[in-house]
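The values are calculated or read from the model by the stated rules, or taken from the named source; none is laboratory data. The structure presented is a predicted model; accordingly, all values stated were derived computationally and were not measured. Every residue, glycine among them, receives a Cβ derived from its backbone with ideal geometry; neighbour counts consider all protein chains shown. The area values use the complete protein model at the heavy-atom level, side chains included, leaving out ligands, DNA and RNA. Shrake-Rupley method; radii C 1.70, N 1.55, O 1.52, S 1.80 Å.
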Amino acid sequence: MAEGIEHDIPAELTEAYLLLLADASRTGRLLRREELEGLRKLGEHCAEAGYGLRAVVAHCLAAARRAWQTLPGASTVAELRRTGDSVLAATEAALAALGEGHERAQRLAVRQEEAARREFIEDLLYGRGDLGLLAERAERFGLRLASAYTVAVAVGEEPFEDVHPLVSRVERELAGRFGERDVLLASKQGRLVCIAPDSERAVLDAFADLTLRPGPGYLPVLRVATGRRHSGASGVLRSYEEALDALDYARRLDLPARNLKAEELLVFPVLMRDRAAMADLVGSVLGPLTEARGGARPLLDTIVVHAESAYVNAEASRRLGLSVRTLSYRLERIKALTGYDPADALQRFTLETAAMGARLLNWPEQPL
């Protein structure tokens, strides 16, 4: 608070405080419950008016010092000691009550601000409300939605809340490294969300690094996904949905990557845009695998792992825990049942695409 602002503190506080000190000096009594509650309310009013607690306390002590010589109740040394003790006790109780009221008002303001912030995030990430009004509200939280923004989302083994220790660590580290930027960090449906201007890609990179490798004492997240850059309030929502889709595809496909970029996974939305066509491809190409001994799952896993191993038989055998000879037998069975040869580039592409579709559709566990 600026110097001299204590002189602007309401006279009501000074008058009430000095009257209580004078009465305590004269009678030696303690402050009553209703008087303490009145001081708490005055502390609330000071906080609501923007006066810091330190300035309020300094103001009251300065007023007491100035009034000390005029306080009644002391004519002898013994009375002076008694009076001093009573005034100090009253001062202590009064300042404690003012502090309680000031802190009570601040806690209420924080809760109201947090409620407004959470409501804004809900509206922003759900695409609710008038976009113009949403842009105006965004400025209150440091976002200028006319710019291009990118959204990153982290998901962990346990849901995130605003009081989660990792949330506090990430928020503290980002603020320490980058200062006050147009960045918003929040928990949403158990996930941790970071919204940052596309010009601040370093913030998003730091967010991913801090959540994936938070350091000793913190549980790292499972994955982080970053959407593409888009402009405006609707662009924030679109980037957020792209990040969520990337996390969903990674989960369904059991992808090994932990730091995902939406642009690197665009093939999956394309594949799933026509679900009926994908189901037809899976059924037509891979349906015959259900006739194999043990069902379709072992041969389907063979197609997937063979592709992930860049079609190197030795590596695929190692990952599957099979001998190279057994792998070759499985590949022959796949060719015999489906009519598609994994050794042929075009037919291999068809098998791999169908296998990817099967994982997205959870086939054969779920019927097409």
TODO: Assess whether V236 counts as being over 17 Å from N259 (Cα atoms) and touching a Phe, Trp or Tyr at 6+ places or on another chain (Cβ under 7 Å).
DONE: yes
Task: Residue within region 41-62 that is part of a loop (DSSP other than H, G, I, E, B), touching a residue at least 40 places away in the same chain (Cβ under 8 Å) and among the aromatic types (F, W, Y) present - done: yes
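Condition (residue is in contact with a Gly (Cβ under 9 Å, 6 or more places away or on another chain) and outside any helix (DSSP H, G or I)) applied to region 203-212: is it met by at least one residue? Before the answer, list the steps.
Our first condition is that a residue be in contact with a Gly (Cβ under 9 Å, 6 or more places away or on another chain); within region 203-212, this holds for 211.
Applying the additional criterion that residues be outside any helix (DSSP H, G or I) yields none.
Looking for residues that are in contact with a Gly (Cβ under 9 Å, 6 or more places away or on another chain) and outside any helix (DSSP H, G or I), one finds none in region 203-212, hence no.
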Open item on the list: Just checking, does region 261-274 include any residue being buried (at least 17 other Cβ atoms within 10 Å of the Cβ), in contact with a Phe, Trp or Tyr (Cβ under 8 Å, 6 or more places away or on another chain) and under 30 Å from L143 (Cβ atoms)?
Closed with: yes
Open item on the list: Can you tell me which residue is nearest to R81 (Cα to Cα) among those in region 19-67 that are crowded, with 17+ Cβ neighbours inside 10 Å and of a type in the set (S, T, Y)?
Closed with: S25
Open item on the list: For region 125-159: of the residues being open to solvent by less than 10 Å² (accessible area, probe 1.4 Å) and closer than 20 Å to V224 by Cα, which is modelled with the lowest pLDDT?
Closed with: L125
Task: Residue list for region 240-260, restricted to those being open to solvent by 20 Å² or more (accessible area, probe 1.4 Å) and within 14 Å of W363 (Cβ to Cβ) - done: R252
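To keep it simple, each residue is scored yes or no on (1) within 30 Å of A152 (Cβ to Cβ); (2) among the hydroxyl-bearing types (S, T, Y).
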| site | (1), (2) |
| --- | --- |
| K261 | yes, no |
| A292 | no, no |
| L300 | no, no |
| V304 | yes, no |
| Y311 | no, yes |
| L322 | no, no |
| L331 | no, no |
| Y340 | no, yes |
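Considering only residues that are in contact with a Leu (Cβ under 8 Å, 6 or more places away or on another chain) and under 18 Å from A262 (Cβ atoms), which ones fall in region 192-210?
L192, V193, C194, I195, A196, V203, F207
Looking at R118, R82, R107, R191 in this structure, which one is over 30 Å from Y17 (Cβ atoms), modelled with pLDDT under 85, open to solvent by 40 Å² or more (accessible area, probe 1.4 Å) and charged (D, E, K, R)?
Working: R82 fails: over 30 Å from Y17 (Cβ atoms); R107 fails: over 30 Å from Y17 (Cβ atoms); R191 fails: modelled with pLDDT under 85.
Result of the check over R118, R82, R107, R191: R118.
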Task: Verdict on G179 being touching a Phe, Trp or Tyr at 6+ places or on another chain (Cβ under 8 Å) and open to solvent by less than 70 Å² (accessible area, probe 1.4 Å) - done: no
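Just to be sure before I move on: is E44 under 42 Å from the mean Cα position of the chain (by Cα), within 17 Å of G99 (Cβ to Cβ) and modelled with pLDDT of 85 or more in the structure I sent? Spell out how you get there, then give the answer.
Numbers: under 42 Å from the mean Cα position of the chain (by Cα): yes; within 17 Å of G99 (Cβ to Cβ): yes; modelled with pLDDT of 85 or more: yes.
So E44 fits the description; yes.
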TODO: Return yes or no: is R223 crowded, with 20+ Cβ neighbours inside 10 Å, touching a residue at least 12 places away in the same chain (Cβ under 8 Å) and of a type in the set (K, R)?
DONE: yes
TODO: Return yes or no: is A225 modelled with pLDDT of 90 or more and either assigned to a helix (DSSP H, G or I) or among the β-branched types (V, I, T) (or both)?
DONE: no
TODO: Please identify the pairs in which a residue from region 333-352 that is in contact (Cβ under 8 Å) with a residue 40 or more places away in the chain has its Cβ atom under 7 Å from the Cβ atom of a residue that is open to solvent by 40 Å² or more (accessible area, probe 1.4 Å), counting only partners at least 6 apart or on another chain.
DONE: L337/E291; Y340/Q347; T350/Y340; L351/Y340
Task: Residue list for region 323-368, filter: part of a loop (DSSP other than H, G, I, E, B), open to solvent by less than 30 Å² (accessible area, probe 1.4 Å) and over 21 Å from R275 (Cα atoms) - done: P342
